[in-house]
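Notes follow once the structure below has been shown.
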Amino acid sequence: MKIALILDARHTAFLSQSQEMNQFLQASILTDNETEMWLFYGDTKPLLLPHMACPISVVRWIHLPPLALAEQQLALLISVQQRFLADTLVFSSDAGGAELATRLAYRLRSESCVGVTALLGSSGRWQVSKAVYGQQMRLTLALNAASCCLSVAAGAGQAATSGEFEGVEIDENRPALTLPWLVDFEQQTLAADNHLQRAACVLALGQGIGSAAHVHELQTLAGQLGVEIGVSRPVAMNGWSEMSQMLGISGLNIAPQVCIAAGISGAAALMSGIQHSQFIVAINRDPQAAVFAQADVGIVDDLHAVLAELLDCVRASRIREGRSV
């Protein structure tokens, strides 16, 4: 089987998206593969490339102009596909990757699926696996076509290791498609990676926090201690925090060493975003709160009192260690 891993090296989350593909490859049952990596790039190519979970036979570089649209990317991908004839084309988890997977499948008359965690089966008899219902259930879909275009599931933000690539590299020197219907186009700079996804310790706040003032107060304290703040969807939708801090099925998946879940009931939509944490501490007044079933330590008390004491302890510990607070 021929596999093409398609990534945008211009993206600030390039290595994180590469690791999501690694997780997909490790979970999939794939044998006798010829795997290539197709990389979009702009002005320059990255010096280091991600280490992938399978051998990469060829890296194909696809140059894009400064103002590149999905339509132009699709045309270039079809040109490369006509020569390589990949059975499976794998895209990143972001909205751009999902769009390309869906639109390319239509043009190639193949199958498409987004948010995929694994590819199972053999050539012509493929099945894909993905999480549904807030990642509480696993769905397996049978594909009818011999080829497929997939967008992988989002991961927890870890970056793939990288190094110099020792193999064949090919420049796909083809001009991008001219779009006569395009009169004007403005493209914003890609946002930087969210520090929340790389944090060692995260304080996850639910609606039980009570108000925007309380969120702001804890944000100030957490900043002093080097702890990142994440929030549930209700907190973000209430305007108590930035939308970029939202965790769960509608936001970010994180995997910190320690996650303190304060004022969180334990709804599946939020817990799916913090379930990969190495250690979870839950604080809630309700002893029957569902969050306790998924926590390593549960504290039944007022979250404000507990957090104040906890942050004081952390501050005192750092002072004793001679570290700045």
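Things to note:
- Condition met for R198 (of a type in the set (D, E, K, R) and out of contact with any helix residue (DSSP H, G or I) (no Cβ under 7 Å at 6 or more places or on another chain)): yes
- Condition met for L119 (in contact with a strand residue (DSSP E or B) (Cβ under 6 Å, 6 or more places away or on another chain) and under 19 Å from E34 (Cβ atoms)): yes
- Restricting the stretch 92-132 to residues that are among the charged types (D, E, K, R) and more than 25 Å from P50 (Cα to Cα) leaves a set whose member that is surrounded by the fewest Cβ atoms within 10 Å (Cβ to Cβ) is R109.
- Single unsatisfied condition, T12 versus (1) touching a strand residue (DSSP E or B) at 6+ places or on another chain (Cβ under 6 Å); (2) modelled with pLDDT under 95: (1)
- Members of the stretch 122-170 found to be at pLDDT below 85, assigned to a strand (DSSP E or B) and over 26 Å from V80 (Cβ atoms), listed by number: A131, V132, M137
- Taking the criterion of being in a loop (DSSP other than H, G, I, E, B) and modelled with pLDDT of 85 or more, the residues of the stretch 171-210 that qualify are A199, A200, G206, G210.
- In the stretch 165-181, residue nearest to A53 (Cα to Cα) [restricted to those that are touching a residue at least 12 places away in the same chain (Cβ under 8 Å) and of a type in the set (A, V, I, L, M, F, W, C)]: F165
- Selection within the stretch 15-31 - of a type in the set (A, V, I, L, M, F, W, C) and either closer than 17 Å to E99 by Cα or not assigned by TED's automatic domain parsing to the domain that holds P66 (or both): M21
- Per this entry, E242 is not counted among residues that are in contact with a His (Cβ under 9 Å, 6 or more places away or on another chain), of a type outside the set (A, V, I, L, M, F, W, C) and in the same structural domain as F292 (by TED's automatic domain parsing).
- Selected residue (criterion: modelled with the lowest pLDDT) from residues of the stretch 86-96 that are in contact with a helix residue (DSSP H, G or I) (Cβ under 8 Å, 6 or more places away or on another chain) and closer than 15 Å to L25 by Cβ: S93
The values are calculated or read from the model by the stated rules, or taken from the named source; none is laboratory data. Everything numeric in this text was worked out from a predicted model, so none of it was measured. Every residue, glycine among them, receives a Cβ derived from its backbone with ideal geometry; neighbour counts consider all protein chains shown.
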